[in-house]
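Visitor: Encoded as structure tokens, here's the structure I'll be asking about.
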Amino acid sequence: MGGYNHREIEPKWQNYWDENQLHMTTNDPSKPKFYCLDMFPYPSGSGLHVGHWRGYVLSDVWSRYKTLQGYQVLHPMGWDAFGLPAENDAIAKGIHPRISTERNIINFKRQLQEIGAMYDWSREIDTTDPKYYKWTQWIFLQMYKHGLAYRKEMPINFCPSCLTGLANEEVVGGVCERCGTQVEKKMLKQWMLKITEYADRLLDSLKTLDWPEKVLKMQESWIGRSEGADVKFSIADSTKSITVFTTRVDTLFGATYLVLAPEHELVNEITNSDRTAAVQDYINEALTKSAVERMASKEKTGVFTGAYGINPVNGEKIPIWVSDYVLIDYGSGAIMAVPAHDERDFEFADRFNISIIPVIATDDGNIPELPYEEEGRLINSDLYNNLSSDKARKVILKDLEKKGLAKRAVQYKMRDWVFSRQRYWGEPIPIIHCPACGEVPVPESELPVMLPDVENYQPTGTGESPLAAIDDWVNTTCPLCGENAKRETNTMPQWAGSCWYFLRYVDPDNDKELADPQKIKYWTPVDLYVGGVEHAVLHLLYSRFYTMFLKDIGIVDYEEPFTRLFNQGMITKDSIKMSKSKGNVVNPDELVQHYGADSLRLYELFIGPPEVDSEWMDSGIEGVYRFIQRLWNLFERSLEQLPQPTQESEKRRNRLIATITERIESFKLNTVVSAFMEFINDAGERLDKKSLETLVVLLAPMTPHLAEELWRKLGYEQSVFQAKWPKADPKMLVVDEVIVAVQVNGKTRATVKVAVDAEESQVSDAAVNIPSVKNSLAGKQVVKTIFVPGRIINFVVR
RNA sequence: GCCGAAGUGGUGGAAUUGGUAGACACGCACGACUCAAAAUCGUGUGGGCUAGCCCCAUGAGGGUUCGACUCCCUCCUUCGGCACCA
């Protein structure tokens, strides 16, 4: 007999699991499978803090729970190891990113092993391993061959600090998501992935996902589908025309001017000669402004081109302006402006004295205050007057369609994905540029295109990556004609490796294909995906896109990679996110040392509802540590002299099974812990053997080391994870006595203990005799009695 | 500005087809053990007063209901997302 000593038992069982390979994924096709995946981390130099652990504990609890339920569980871990921090480190200290990455991985792995997580390390993957990125490049080639990867000269978001182009998704509020520097627009020839081709599929199949509402909403609004029409405005005294996209065809009669984005290709062509100087000045100014400056300017700016368009519904001549409030990369880069019914147009028209014609009245026929953006009834619209907005849209569109002046159109906010980075530490894009043959994909047999060593990691900032300086790597021969050619020197973004990694875990060493089709079929898609909500759009959208593409080329047979998603909340300290720079990081290593991994695991669960942010309190872990000790002592006491099970203990035991199972299933893991605490508090001096056994198995997913130790104390020779998750006997869950609340006019005056199936009259008789109830009823007349069996009885009195 | 989530003791939180608000834990107080402390164990702990068979109380105000943390309306605060997307 001795006190609870985690320092002894935790290493012991970790070694045991290791030696007996208990965390290796089994291969028994007769069993149902469960694929439980963590978002793999970027192995940073700062190591893991208790906030990171929350998700890992959660997924581990589920993996162990499913194992106990007889599932064959795949629970792997790996490294999303390409990325800027390692590269910036390399620039600053001259350490090769591979060296620092390897060092960081060792530390991460040690920490993960210390929580006792049941990862199958034989399946560990690393996105920077050529054996892995060979397939990242392979997927790119397939996309290229299917016309989904293309190169385009375009103004992209460029971070002057990271010296690389960024995807739209990586720009948050006009600044670089990574370093917070204001991004600039820069014309660069970029590799793009045609994610917009999948826009509708990405939107539609959101419906099929068991994901947090919030994430679904974010993806939906990111994709930003809107339905409307392309309407053609011919240009007066010209053969050209301007097409605009609008969702409000019903307001066409109110269109009093047109606006082109400064970058619009027709601007120069249509500008009147006497306006050329003014227009040029305006464009030059607009183009040098950053995105932030463009948005920040309070006042609308613009310039008249001197040209006029013809409104297709009434033949009116309306002026054509240029303004930077129209975006070149949405719709056609041109709009029809309806100042009466659009706030932005109103502001602009007001400033430049352009006429404002209301064409929508409220449903009761009043002309509302302008700008009025709601729908209503048409006015000033010729033969369409009096139609509702909805009806008018259909009719006007139909009439214009007949004349070939409009057609139904759909636009998305989502843009194609800027896929190239001018950085070193990423997957080389497997393309060769040949003066004669043009872009030539590297033959699949020559993959991977290895990332060469360089002497200088410094980005050039010229639109070329540091790879461009390595002549013997860049210079190669064309796979088609054999003549001298050059390699593509851009690399892929960090997201590339994480788009498909869930597939690689099922067959990580395969060098013939991405993964064995049988294994893909058996294990994927992922049943439960656990990670932070910060990836709600970026990673999860890209990964869904990749999966749909892989379905189209026959690699997988489903559209969605992650059936169920769970976002764990952040753990804060002093109400702010933990970070090294804020100096508020709680290091798990010391806590493991002091309280043990089981206590830390338990506190990570107990701290609060797993999906919401929770504040870290050092005293909190004390509480669960004490609980574990009380539990341990209860075991020791009980084993000295085991009592026999009683009807009462059996009921409590079965109720515990039901409660714990239900709460794990519904992810109420904080209340799982409190259920155990209540059980122990009610247990009395000793527990019978059956109760102890049940308790140990139920605890095993949460506190695996402790459970394994106690399982041996109960006389078992095998791992507790070979045991079966118990099932509650429904007969034992029925209660025969309940406490019923007695209310008078809805106020609880007393409680009364009655048989569960007691009739109203019985409860009523017992209730009215309770002094406090009697007093409340005195001198009053009971007009109504509400009786909810097993819950309340309420006397309504007057 | 638009969309969404949340607001419960000193603290973290529990309670949902509307039915005893505050489980469980932290903290605190008192007691036991001890020379003492720590640890441990036990008891108490939403607020108020006139101390009861009382009143008030789930961000504020209203509503529905026999009964509201829970449903509806208005507002406040905090957090998250989007933001000149036509």
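The values are calculated or read from the model by the stated rules, or taken from the named source; none is laboratory data. None of these values were measured; they are calculated from a predicted model. A quick note on method: Cβ atoms are made from the backbone with ideal geometry, for glycine too, and the neighbour counts reach across all protein chains shown. Just the protein is used for accessible areas: all its heavy atoms, side chains included, with ligands, DNA and RNA removed. Shrake-Rupley method; radii C 1.70, N 1.55, O 1.52, S 1.80 Å.
Visitor: Residues that are more than 16 Å from RNA strand B (Cβ to nearest atom) and either in the same structural domain as residue A:611 (by TED's automatic domain parsing) or surrounded by fewer than 23 Cβ atoms within 10 Å (Cβ to Cβ) (or both): does the stretch A:664-676 have at least one?
Guide: no
Visitor: Please name all residue pairs, on different chains or six or more residues apart, with Cβ atoms under 8 Å, provided the first residue is in the stretch A:449-468 and is aromatic (Phe, Trp, Tyr) and the second residue is open to solvent by 20 Å² or more (accessible area, probe 1.4 Å).
Guide: Going by the 8 Å Cβ cut-off, the qualifying pairs are A:457/A:91.
Visitor: Same structure again: Does the stretch A:24-32 contain any residue that is part of a helix (DSSP H, G or I) and either open to solvent by 20 Å² or more (accessible area, probe 1.4 Å) or among the hydrophobic types (A, V, I, L, M, F, W, C) (or both)?
Guide: Taking every residue of the stretch A:24-32 in turn, none turns out to be part of a helix (DSSP H, G or I) and either open to solvent by 20 Å² or more (accessible area, probe 1.4 Å) or among the hydrophobic types (A, V, I, L, M, F, W, C) (or both).
Visitor: In the stretch A:753-774, which residues are among the acidic types (Asp, Glu) and either open to solvent by less than 100 Å² (accessible area, probe 1.4 Å) or in contact with an Asp or Glu (Cβ under 6 Å, 6 or more places away or on another chain) (or both)?
Guide: A:760, A:765
Visitor: Considering only the stretch A:739-752, I want to know if a residue exists there that is under 50 Å from the mean Cα position of the chain (by Cα), within 30 Å of residue A:692 (Cα to Cα), outside the structural domain of residue A:700 (by TED's automatic domain parsing) and open to solvent by 60 Å² or more (accessible area, probe 1.4 Å).
Guide: yes
Visitor: Hey, among A:591, A:602, A:642, which residue is more than 14 Å from RNA strand B (Cβ to nearest atom) and outside any loop (DSSP other than H, G, I, E, B)?
Guide: Of A:591, A:602, A:642, the one residue that is more than 14 Å from RNA strand B (Cβ to nearest atom) and outside any loop (DSSP other than H, G, I, E, B) is A:591.
Visitor: Given the criteria under 29 Å from residue A:73 (Cβ atoms) and surrounded by 18 or more Cβ atoms within 10 Å (Cβ to Cβ), does residue A:164 qualify?
Guide: Working: under 29 Å from residue A:73 (Cβ atoms): no; surrounded by 18 or more Cβ atoms within 10 Å (Cβ to Cβ): yes.
The answer is no for residue A:164.
Visitor: Got at least one residue in the stretch A:620-630 being more than 14 Å from RNA strand B (Cβ to nearest atom) and either surrounded by 15 or more Cβ atoms within 10 Å (Cβ to Cβ) or more than 30 Å from the chain's Cα centre (by Cα) (or both)?
Guide: No, because not a single residue in the stretch A:620-630 is more than 14 Å from RNA strand B (Cβ to nearest atom) and either surrounded by 15 or more Cβ atoms within 10 Å (Cβ to Cβ) or more than 30 Å from the chain's Cα centre (by Cα) (or both).
Visitor: Considering only residues of the stretch A:96-142 that are of a type in the set (Asp, Glu) and at pLDDT 95 or above, which is least open to solvent (accessible area, probe 1.4 Å)?
Guide: Ranking the qualifying residues of the stretch A:96-142, first place goes to A:120.
Visitor: Which of the helices (runs of 4 or more DSSP H) found entirely inside the stretch A:262-361 contain at least 2 residues meeting this: under 29 Å from residue A:392 (Cα atoms) and within 9 Å of RNA strand B (Cβ to nearest atom)?
Guide: On the way: elements: A:267-270, A:276-288, A:291-296, A:343-352.
Fully inside the stretch A:262-361 and qualifying: A:343-352.
Visitor: Would you confirm whether or not the stretch A:775-789 contains a residue that is more than 50 Å from the chain's Cα centre (by Cα), away from RNA strand B (no atom under 16 Å from the Cβ) and surrounded by 12 or more Cβ atoms within 10 Å (Cβ to Cβ)?
Guide: Taking every residue of the stretch A:775-789 in turn, none turns out to be more than 50 Å from the chain's Cα centre (by Cα), away from RNA strand B (no atom under 16 Å from the Cβ) and surrounded by 12 or more Cβ atoms within 10 Å (Cβ to Cβ).
Visitor: Which pairs turn up if I take residues in the stretch A:374-386 that are in the same structural domain as residue A:398 (by TED's automatic domain parsing) and crowded, with 17+ Cβ neighbours inside 10 Å and look for partners that are in a helix (DSSP H, G or I) and not hydrophobic (A, V, I, L, M, F, W, C) with beta carbon separation below 7 Å, at least 6 apart in sequence or on another chain?
Guide: Partner pairs satisfying both residue conditions: A:375/A:389; A:375/A:390; A:376/A:389; A:378/A:250; A:378/A:384.
Visitor: Oh, and also: Criterion first (touching a residue at least 12 places away in the same chain (Cβ under 8 Å), within 16 Å of residue A:420 (Cα to Cα) and open to solvent by 30 Å² or more (accessible area, probe 1.4 Å)) does residue A:153 satisfy it?
Guide: Criteria met by residue A:153.
Visitor: I would also like to ask the following. With a cut-off of at least 3 residues that are surrounded by fewer than 18 Cβ atoms within 10 Å (Cβ to Cβ), name the strands (runs of 3 or more DSSP E) lying wholly within the stretch A:455-552. Working first, answer last.
Guide: Details: elements: A:475-477, A:484-487, A:528-531.
Because the criterion is at least 3 residues that are surrounded by fewer than 18 Cβ atoms within 10 Å (Cβ to Cβ), the strands (runs of 3 or more DSSP E) in the stretch A:455-552 that meet it are A:475-477.
Visitor: Read through the list (1) in contact with a Gly (Cβ under 9 Å, 6 or more places away or on another chain); (2) under 25 Å from residue A:198 (Cβ atoms); (3) polar (S, T, N, Q); (4) open to solvent by 20 Å² or more (accessible area, probe 1.4 Å), then give the number of the only condition that residue A:568 fails.
Guide: If we test residue A:568 against (1) in contact with a Gly (Cβ under 9 Å, 6 or more places away or on another chain); (2) under 25 Å from residue A:198 (Cβ atoms); (3) polar (S, T, N, Q); (4) open to solvent by 20 Å² or more (accessible area, probe 1.4 Å), just (2) comes out false.
Visitor: Please determine whether any residue of the stretch A:689-702 is surrounded by fewer than 18 Cβ atoms within 10 Å (Cβ to Cβ) and assigned to a helix (DSSP H, G or I). Talk me through it step by step, then tell me what you get.
Guide: Taking the stretch A:689-702 first, the residues surrounded by fewer than 18 Cβ atoms within 10 Å (Cβ to Cβ) are A:689-690.
Add one more test, that the residue is assigned to a helix (DSSP H, G or I), and what stays is A:689-690.
Yes, the stretch A:689-702 contains at least one residue that is surrounded by fewer than 18 Cβ atoms within 10 Å (Cβ to Cβ) and assigned to a helix (DSSP H, G or I).
Visitor: What about residue A:605, is it closer than 28 Å to residue A:71 by Cβ, outside the structural domain of residue A:676 (by TED's automatic domain parsing) and not small (Gly, Ala, Ser)? Walk me through how you get there before you give the answer.
Guide: Numbers: closer than 28 Å to residue A:71 by Cβ: yes; outside the structural domain of residue A:676 (by TED's automatic domain parsing): no; not small (Gly, Ala, Ser): yes.
Considered against the rule, which asks whether it is closer than 28 Å to residue A:71 by Cβ, outside the structural domain of residue A:676 (by TED's automatic domain parsing) and not small (Gly, Ala, Ser), residue A:605 comes out as no.
Visitor: Further, regarding this structure: Quick check on my filter: what residues within the stretch A:715-750 are hydrophobic (A, V, I, L, M, F, W, C), away from RNA strand B (no atom under 16 Å from the Cβ) and without any contact (Cβ under 8 Å) to a residue 40 or more places away in the chain?
Guide: Correct list: A:720, A:734.
Visitor: Among strands (runs of 3 or more DSSP E) lying entirely in the stretch A:198-260, which contain 1 or more residues that are more than 13 Å from RNA strand B (Cβ to nearest atom) and aliphatic (A, V, I, L, M)? Break it down into steps so the answer makes sense when it comes.
Guide: Values: elements: A:226-235, A:241-246, A:257-260.
Result: A:226-235.
Visitor: State which residue is least open to solvent (accessible area, probe 1.4 Å) when the search covers only the stretch A:398-412 and only residues that are part of a helix (DSSP H, G or I) and touching a strand residue (DSSP E or B) at 6+ places or on another chain (Cβ under 8 Å).
Guide: Per the criteria, the residue is A:400.
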